[in-house]
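Chemist: Encoded as structure tokens, here's the structure I'll be asking about.
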Amino acid sequence: MYDEEVYEKYRKAGEILKEVKNEAIPMIKKEESILKVAEFVEKKIIEMGGGIAFPCNIARNEEAAHSTPQRNDKRVFEDDMVKLDIGVHVDGYIADSAITIDLSGNSELVRASEEALKAAIEIIEAGINTSEIGDVIETTIKSEGFRPIYNLTGHGLMRYIPHAPPPIPNRKVPQGVELLEGVVIAIEPFATDGVGKVVDGEKVEIFQTVSNSMARLPMVRKLQKELKKYETLPYAKRWLPPEKLEFALSNLQKLGIVRGYPVLKEVSGGLVSQAEHSLIVLDGGCEVIT
Ligand code: MN
Ligand code: MN
């Protein structure tokens, strides 16, 4: 359990997220710029007094996660299955929520992840085992005729840590963990008409600093100073000063100081839908904050 003022910060992050998400959803339509939507989301979070917990993720079709536009990205939405995933923090306390907007004519797949999220939220309370949550997610998605993505999970939310333990599985696992009263978690079922597994794609647009060590080259250290403001939160390549960026980022990755998050894609090329809410686990139930 945290102090009440901590929960107030989580709730405020959730309120900002809801408003930003509601304004962004109608922007997602054919021929609209993907970059424009991401920049709108990120700017609006700041305008409303929040912090960006991670770059606005916009994954399409077989992409499941970790996709965000490049600098000067010219791509537009087509007949896509679009996942909009937003993270907002207040003083480091994070709300994380995603929705699928279907421009591809596959609304049953969207329904599968939404129904799984609803079913999971209904059973969550202090003391539940995460394996039971995974079971209800898997059962619901399968009953809709699809498969869950078994190697993506929900997660805990801790201060400045968007992916904290425990993992919340999207299938029945042999051994889960018990959720304690007062923890804050994100539940995120992914449904697919493919085989149900994601693998790393080639593109990497999202990075995170994972070590405090300093590189030796001055131009690399200069980038490190710039990265300090993101603390342990992920950032987008397009946010960073472009001069010698590729070199500096690859140097920092080789040194184990920065980690890249490749776009995750369904291995068989299946379409992917996602639904996600953040919530506080309570005695006898839960409070959805997004
Ligand atoms: Mn998310
Ligand atoms: Mn999440």
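The values are calculated or read from the model by the stated rules, or taken from the named source; none is laboratory data. Just so it is clear, the model here is predicted, and its values are computed rather than measured. Here the Cβ is made from the backbone with ideal geometry for all residues, glycine too, and neighbour counts use every protein chain on show. Surface accessibility is based on the protein's heavy atoms, side chains included, excluding ligands, DNA and RNA. Shrake-Rupley method; radii C 1.70, N 1.55, O 1.52, S 1.80 Å.
Chemist: Pairs on different chains or at least eight residues apart, Cα atoms closer than 23 Å: how many lysine pairs in region 202-264 fit?
Modeler: For region 202-264, the number of qualifying lysine pairs is 17.
Chemist: I would also like to ask the following. Show which aspartates and glutamates lie in cross-link reach of LYS172 when reach means a straight Cα distance below 15 angstrom and same-chain residues fewer than eight apart are skipped.
Modeler: By straight Cα distance, LYS172 reaches GLU132, ASP135, GLU138, GLU188.
Chemist: OK, next. Under 14 Å from the Cα of LYS30, which aspartates and glutamates turn up, not counting those fewer than eight places away in the same chain?
Modeler: Hits, sequence-local ones excluded: GLU78, ASP79, ASP80, ASP102.
Chemist: Order ILE149, ILE99 by their accessible area, 1.4 angstrom probe, all chains in place, largest first.
Modeler: These residues rank, largest area first, as ILE99, ILE149.
Chemist: Take TYR10, TYR150 and sort them by solvent-accessible surface of the protein heavy atoms, 1.4 Å probe, largest at the top. Show your work: numbers first, answer last.
Modeler: Numbers: TYR10 0, TYR150 95 Å².
Ranking TYR10, TYR150 by accessible area, largest first, yields TYR150, TYR10.
Chemist: Among GLY154, GLY269, GLY87, which one shows the biggest mean-square fluctuation in a GNM of the chain, springs joining Cα atoms closer than 10 Å?
Modeler: Looking only at GLY154, GLY269, GLY87, the biggest GNM fluctuation is shown by GLY269.
Chemist: In the Gaussian network model of the chain, springs joining C-alpha atoms below 10 Å, which of ASN61, ASN106, ASN22 carries the largest mean-square fluctuation?
Modeler: Fluctuation is largest for ASN22.
Chemist: Can you give me the C-alpha center-to-center distance between region 208-224 and region 61-102, rounded to a whole angstrom?
Modeler: Between the Cα centre of region 208-224 and that of region 61-102, the gap is 28 Å.
Chemist: If the reach is capped at under 19 angstrom between alpha carbons, list the lysines near LYS9, excluding any in the same chain fewer than eight residues apart.
Modeler: Filter leaves LYS18, LYS21, LYS44.
Chemist: Still on this structure, please answer the following. Let's test the formula: R0 of 30 Å, r as the Cβ-Cβ distance of SER143 and GLN253. What FRET efficiency results, to the nearest 0.05? Intermediate values should be presented prior to the final figure.
Modeler: Numbers: r = 42 Å, r/R0 = 1.40.
The value I calculate is 0.10.
Chemist: What size of dipole, in debye to the nearest 20, comes out for region 202-264 about its Cα centre when the only charges are +1 on Lys and Arg C-beta atoms and -1 on Asp and Glu C-beta atoms?
Modeler: Magnitude of the dipole: close to 220 debye.
Chemist: Same structure, new question: Quote the accessible area belonging to ASP135 in square angstrom, nearest 10, computed with a 1.4 Å probe and with ligands, DNA and RNA left uncounted.
Modeler: Probe radius 1.4 Å; accessible area of ASP135 about 50 Å².
Chemist: Can you pull the accessible area of LYS203 for me, 1.4 Å probe, Å² to the nearest 10?
Modeler: 70
Chemist: Under the 0.36 nm per residue contour assumption, what length would be gained going from the current alpha-carbon distance of LYS18 and LYS30 to full extension?
Modeler: Details: separation 12, 0.36 × 12 = 4.32 nm, distance 2.29 nm.
Gain on extension, LYS18 to LYS30, equals 2.0 nm.
Chemist: If you roll a 1.4 Å probe over the heavy atoms of the protein chains, what accessible area per residue do you get for the chain, in Å²?
Modeler: 45
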